[in-house]
Amino acid sequence: MGTKEEVCKHPPGRFVPMIDRNSCEGRDDCMRVCPYHVFDLRVLTVDDRRQLSLKGKLKGFFHGYRQAFADRADACHGCGLCVSACPEQAIRLVRSETVRS
């Protein structure tokens, strides 16, 4: 696979990970593969749980409402390793609104 500089060629913050709350099962695959430590795992708040679809509520219940959060999204270099590693396909990279090309 190469160094993180070879894999992650974008400047930090150009792309950010978006996590589908109705699909994430709180596995730590994204945390393990991210060379910039963008992700944390924590339990959804009661307010966050109310926003879930029926599918999301069921998944959440069975997985202890634990999910991944991109708490350090500004450190993301857009390499896509998290997207590839997520077994639920709950992560996608989007261009940051705050970065100008």
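Read the figures in this text as sums done on the coordinates, not as results from a lab. Just so it is clear, the structure is predicted and the values come from calculations on it, not from any experiment. Here the Cβ positions follow ideal geometry from the backbone for every residue, glycine too, while neighbour counts run over all protein chains shown.
Name every residue in the stretch 72-98 that is under 9 Å from the mean Cα position of the chain (by Cα) and of a type outside the set (V, I, T), in order of residue number.
A73, C82, C86, A90, R92, L93
Check off (1) over 14 Å from V38 (Cα atoms); (2) free of Cβ contacts under 8 Å to residues at least 60 places away in the same chain; (3) surrounded by 12 or more Cβ atoms within 10 Å (Cβ to Cβ) for F61 and give me the number that stays unchecked.
(3)
Counting only residues that are in a loop (DSSP other than H, G, I, E, B) and in contact with a helix residue (DSSP H, G or I) (Cβ under 7 Å, 6 or more places away or on another chain), which one in the stretch 24-36 is surrounded by the fewest Cβ atoms within 10 Å (Cβ to Cβ)? Quick ask: steps written out before the conclusion?
As a first pass, look at the stretch 24-36 and keep what is in a loop (DSSP other than H, G, I, E, B): 24-28, 34-36.
Those still in the list that are in contact with a helix residue (DSSP H, G or I) (Cβ under 7 Å, 6 or more places away or on another chain) too: 25, 34-36.
Working: E25: 17, C34: 23, P35: 14, Y36: 17.
Once the filter is applied, the top-ranked residue is P35.
Restricting to the stretch 74-86, what's the tally of residues that are surrounded by fewer than 18 Cβ atoms within 10 Å (Cβ to Cβ) and of a type in the set (A, V, I, L, M, F, W, C)?
Going through the stretch 74-86 one residue at a time, the tally reaches 3.
May I ask you to verify whether R14 is more than 12 Å from the chain's Cα centre (by Cα) and either closer than 16 Å to I91 by Cβ or among the basic types (K, R) (or both)?
yes
Hey, can you tell me all the residues within the stretch 66-92 that are in a loop (DSSP other than H, G, I, E, B) and touching a residue at least 24 places away in the same chain (Cβ under 8 Å)?
Of everything in the stretch 66-92, those that are in a loop (DSSP other than H, G, I, E, B) and touching a residue at least 24 places away in the same chain (Cβ under 8 Å) turn out to be A70, D71, R72, C76, H77, G78, C79, C86, P87, E88, Q89, A90.
Restricting to the stretch 37-56, name every residue that is more than 17 Å from the chain's Cα centre (by Cα) and not in a loop (DSSP other than H, G, I, E, B).
Listed by number, the residues that qualify are V46, D47, R49, R50, L54, K55.
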